[in-house]
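> Take this structure first; my questions come after.
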Amino acid sequence: METTKTFSIRAKTCTLKQNSQEGNATILNSGTKYVIPIYQRSYSWSDDQIRKFISDLFTSFWGNDGESGEEPMFIGTMQLTVEDKNNEKEIIDGQQRLTTLLLLLKVLKTKFPYCHQLKDLQFDWLRTRVNNGIQQIYLEAVINNDLNFNNETQNTYRRNTFLIQELLEEELKDEAGQPVPFDIDRFIQHLFSNVYFVVIETRAGLSKTLQIFNAINTTGLDLNGGDIFKIRMYEYLRDKKGQDETAFDKINLLYRTIDECNAAIKYNATDIRGILGIYQNILIAKYNLPVTLYSYGSDTFFERLFDTIFNINLWEHFKKNVNNIELSIEDLEKIIKVRYEWENNGYQTGEDACAMHFIWWSRYSRYWNLTFIFLYKFH
């Protein structure tokens, strides 16, 4: 297996449309389409995050004292992939802010149709592949329709658009509720030229891109072991096994099945990390991996396994066996099935419950998983 560890990172300061800094980099003038990839979470900014974003934006426009005028506003970093042959860049980090800016521009264009800087503005520069196309349907429902209020709650884009409308109305009134002078052209000029991102573009495989994201991310999405496994398993099935994007739907179904099983028994018997702990023991035994790997936490085990599979870092305990290891959705489905079969049928006596309790809280707690490995083997 050829080892490939090369990647590139390029950083630049961007505004939305007008940038007087060196390089003149902008988000909306290049003809680039921005795509939120399938493995990202849905758009989910809450009321508090929207309120702070709009408040900070207008503070930078009015000035801290309300009178001193525009001040530059920095809204953090965005991580993008390099542009592909279709003029698309995937958004690794920054989808919440960029989506909220799109919604704000939609509100402003609707409210101020005479503003010449907004008149020809289009909204086809952002697309999302999240949640099997449902998120894109929700986004288009906002982009392509009037912003008339309704009681819909499922569409987060619509809900946040209504909130932005309300906050805009508040910003344009004084404490007595009277309209304040507002120059929409000057505000749009500020929005387009005085709001700054640092855009980091990476050219790397998905696993390496994720590693870069975790290194630079301090305020955005906190990825836990379950999140990371979902993304890296998708990359494995796509790049190593030749599967298409439907592989991600199958992985998502695993997570949903666990949630549904927990809901059915009315308590959280396990989660994806518990399932991965069982899978870890099965893989170690099946592929004769070093026994020291039994002592690894599942997050570390799968992180190093995927690192080795993708030649990011050839970890000592994996590199001799990695060519033989086969991961599959079917294995994980079977583990989930036997885990909840035991949950539904186990603990038949007080003695059983006591025995499991003593094993769980002893130094032999890892043998707890032997129950499920046995069921997996003979199911």
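> Note down the nm distance, to one decimal, between modelled labels 7 Å out along Cα→Cβ at R127 and at I329.
2.2
> Residue-wise, which Karplus ³J(HN,Hα) couplings in Hz belong to the range 242-258, taking 6.51 cos²θ - 1.76 cosθ + 1.60, θ = phi - 60°, and x for glycine or proline?
x, 7, 8, 5, 5, 4, 5, 5, 5, 5, 4, 4, 4, 5, 5, 4, 4
> Another question, then. Through the Karplus equation 6.51 cos²θ - 1.76 cosθ + 1.60, θ set to phi - 60°, convert the phi angles of the range 230-236 into ³J(HN,Hα) values in whole Hz; use x for Gly and Pro.
Couplings: 4, 5, 6, 5, 4, 4, 4 Hz.
> With every protein chain left in place, what is the accessible area of H317 in Å² (1.4 Å probe, nearest 10)?
60
> Another question, if that's okay. Output the relative contact order of the range 105-196, whole-number percent, from Cα pairs under 8 angstrom with separation of 6+ residues.
Numbers: 50 pairs, mean separation 23.3, N = 92.
Once divided by the residue count of the range 105-196, the mean separation gives 25 percent.
> Let me ask something else. Would you mind checking the pairs K250/K320; K12/K230; K33/K106; K17/K89 and listing those with alpha carbons more than 25 angstrom apart?
As for pairs spanning more than 25 Å Cα to Cα, those are K250/K320; K12/K230.
> If you don't mind, there's one more thing I want to ask. Please work out the FRET efficiency for the pair I134 and R238, using the Cβ-Cβ distance as r and a Förster radius of 25 Å; give the result to the nearest 0.05.
Computed FRET efficiency for I134 and R238: 0.75.
> How high is the relative contact order of the range 20-150, in percent, counting Cα pairs under 8 Å that sit 6 or more residues apart?
Computed over the range 20-150, the figure is 34 percent.
> Accessible area of Y296, 1.4 Å probe, to the nearest 10 Å²?
50
> Let me ask another. Whenever you get a sec, line up W315, W342 from highest to lowest accessible area (probe 1.4 Å, protein heavy atoms).
The most accessible residue leads, giving W315, W342.
> Between E70 and T110, how high is the FRET efficiency from 1/(1 + (r/R0)^6) when r is the Cβ-Cβ distance and R₀ = 35 Å? Nearest 0.05.
The value I calculate is 0.90.
> Find the centroid of the Cα atoms in the range 120-173 and in the range 237-261, then give the distance between the two in whole Å.
28
The values are calculated or read from the model by the stated rules, or taken from the named source; none is laboratory data. Not measured: the values here are computed from a predicted model. Ideal geometry is used to build each Cβ from the backbone, glycine not excepted, and the neighbour counts take in all protein chains shown. In case anyone asks, the SASA skips ligands and DNA or RNA and just uses the protein heavy atoms, side chains included. Shrake-Rupley method; radii C 1.70, N 1.55, O 1.52, S 1.80 Å.
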